[in-house]
Amino acid sequence: MAKKLLLVDDEEGIRKVLSIALSDSGYTVFTAQNGEEALDIFRRETPPIVLTDIKMPGMDGIELLQTLKQESPDTEVIMITGHGDMELAIKSLKFQAIDFVTKPINDDALEIALNRAHEKIRMRQQLREYTENLEALVREKSAKLVEIERQVAVGQAVEGLSSAMRDIAVDLEGGLTYFNEMPCFVSIHSPQLKVIAVNPLYRDRLGDKVGHNSWEIYAGKTGTQANCPAGQTYKSGKGLRTKATVKTASGGKAPVMVNTAPIRNQDGDVELVVEISADITEVKRLQEELDRSQQRYQQLFDEVPCYISVQDRQLRLTAVNRRFKEDFNVEHGAFCHEVYKHQGEPCPNCPVAKTFEDGHSHQSEMVVTSKAGERYNVLIWTAPLRNAAGEITHVMEMSTNITQIRKLQDHLSSLGLKISSISHGIKSLLTGLDGGMYLMETGFAKDKSERVKAGYEDLKLIVSRIRKLVYNILFFAKERELKRDRVDILNFVDDVASTVEPKIIANGIEFVREFDASVGALKLDAGVVRLALINILENALDACLEDEAQKSHKILFRVQQDDKQIFFEISDNGIGMDREVRESLFTLFFSSKGNKGTGLGLFIADKIIDQHDGRISVESKPGRGSKFKVSIPKMISKSVITKRKNE
């Protein structure tokens, strides 16, 4: 069966060529020339994959993407973009586009994007089937539990019947006939604890015990005169209910639930005792089967290769599987958002909350943090759990760790972005080189030394930018083994400050150094740490240049220490950042500067500091500046040493 796909592009030539290629690949292709027509076709044909251009007249690709995701969240959308639409392409990923390809469309790139879409659809289907299987298992075990409860109810009913017989059997003759058809062992006992009458089932299964002692049919402690049910009823004058084991006529044993009722004469004295026993062998068998099923269910619950939790309406974790416990800190009564996100409020658009609201399964993808501090990408699927009345009491949440898949996807997605960003940067640098060379050539030709000097300064600036770009590319492209040497920190930070200070001052920004004179030496790879600090300082410079609200700006470069670490602090009073920008700051190719940034600088800075077993923390608010604090341990940790040996 051919796979369905909707192709949306306002250029007829692209629609025609892509339709032929996709048809050859086994797709049934529906085409539309604009967003409105695409929606009509989508609602009629419901293709699982949509391939759409970003820029179109009328409804553009972004608006079409948002509408499709609102109507059908499971539909995967691939965006088609030109090289100049890279910001829109990145924006489309925030609206849950699976991928994008650039014009002219490369067949291999398109195949990778389509395979990624199919993989996500397949994974979602597997999770859905897994959820349905678990729900069916829960329903099956619930049905067996209800059956057991019915069996227990039989014993309660028998007890009620026994009590009712007190008013029936004053005369022994005919009294027992009421019990002949009952599926229980019925017997009547005299004050001398002799069996004086039994029903047919009693006689068939336990033997004709008329005239025998009342306790002879019982095994164990109950099989004594002092402890037999009839004897206890005569002593207390009250009916009783107890479990016992009877000896069958074939030599076997059977567990029973015994109910007795005293039969009184007209003077109120206990004249006879009716004993009714229900065979609970089947109930016991069902209970044992249920126990085994519960063990298998618990084993399945614990061994599945994903995180499973059961949550109540307050989003508290009431049950979790073994893998969940291993990777996350779980305390009794903990909230899901505390365990997953370490935050006090529920997550926006929480899929569990949505399931409680509408009773449907929901799917979501988010980033969570383990108890070891590792960040995982997880694909979440929810399922409602209902009581006998059909009310949702809990929601089961299944989360699959797709971190490795996302890393692979990020590497593949970053190839196009990397080439585009590098090409743009190189183009800008080449233009600058051309300008500097032109100034020098015309300066020499016209014997104007000022022009030659200006051209030379431009060339020096461009060369430094080329050097920085090349370093960034090398760090991104290949893991580099650190070359740690003992470095005098004061000389080191003085060199870093001297590198960026002229550029900062030239832009009219105050630059302040605060270096703790007691800071000694530290083993580090000076070249790469220098690059990391310069990237952060230049980010502070850009933040000040973008801020038009204040007349004067200042950048502070501070170095401090404590017993265990050395701190490099870089703060500015520039434009600042909101929470979304802060959380994405060190993400590959993320940039809040538009075309002015490559999205490599802070990503690489974070990578460098992490290689030194350090960390970067950020404090910032919009309009109130930013503070970057880099901490590097004075001693190399065992984990870093082990990692280096393994490498």
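The values are calculated or read from the model by the stated rules, or taken from the named source; none is laboratory data. Everything numeric in this text was worked out from a predicted model, so none of it was measured. So basically every Cβ, Gly included, is an ideal-geometry build from the backbone, and we count neighbours across all protein chains shown.
Computed values, structure above
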item	result
ALA21 vs. criteria buried (at least 17 other Cβ atoms within 10 Å of the Cβ) and not basic (Lys, Arg)	no
Single residue of ALA254, ALA261 found to be touching a residue at least 24 places away in the same chain (Cβ under 8 Å) and over 58 Å from the mean Cα position of the chain (by Cα)	ALA261
Some residue of the range 340-361 being touching a residue at least 12 places away in the same chain (Cβ under 8 Å) and part of a strand (DSSP E or B)	no
Filter result (over 18 Å from ASP108 (Cα atoms), among the small types (Gly, Ala, Ser) and touching a residue at least 12 places away in the same chain (Cβ under 8 Å)) within the range 1-54	ALA2, ALA32, GLY35, ALA38
Residue pairs meeting the criteria (Cβ under 7 Å; at least 6 apart or on separate chains; first closer than 16 Å to MET79 by Cα, in the range 107-127; second among the β-branched types (Val, Ile, Thr) and in a helix (DSSP H, G or I))	none
LYS453, sole failed condition from (1) part of a helix (DSSP H, G or I); (2) modelled with pLDDT under 80	(2)
Among the residues listed as PHE603, PHE628, the single one being among the aromatic types (Phe, Trp, Tyr), modelled with pLDDT of 65 or more, under 28 Å from the mean Cα position of the chain (by Cα) and surrounded by 12 or more Cβ atoms within 10 Å (Cβ to Cβ)	PHE603
Selection from the range 361-389 of residues that are over 22 Å from GLU76 (Cα atoms) and either among the polar types (S, T, N, Q) or not assigned by TED's automatic domain parsing to the domain that holds GLN311 (or both)	THR369, SER370, ASN387
The range 550-569: number of residues that are within 15 Å of ASP494 (Cβ to Cβ) and in contact (Cβ under 8 Å) with a residue 60 or more places away in the chain	4
Residue that is nearest to PRO183 (Cα to Cα), among those in the range 199-219 that are of a type in the set (Asp, Glu) and assigned to a loop (DSSP other than H, G, I, E, B)	ASP208
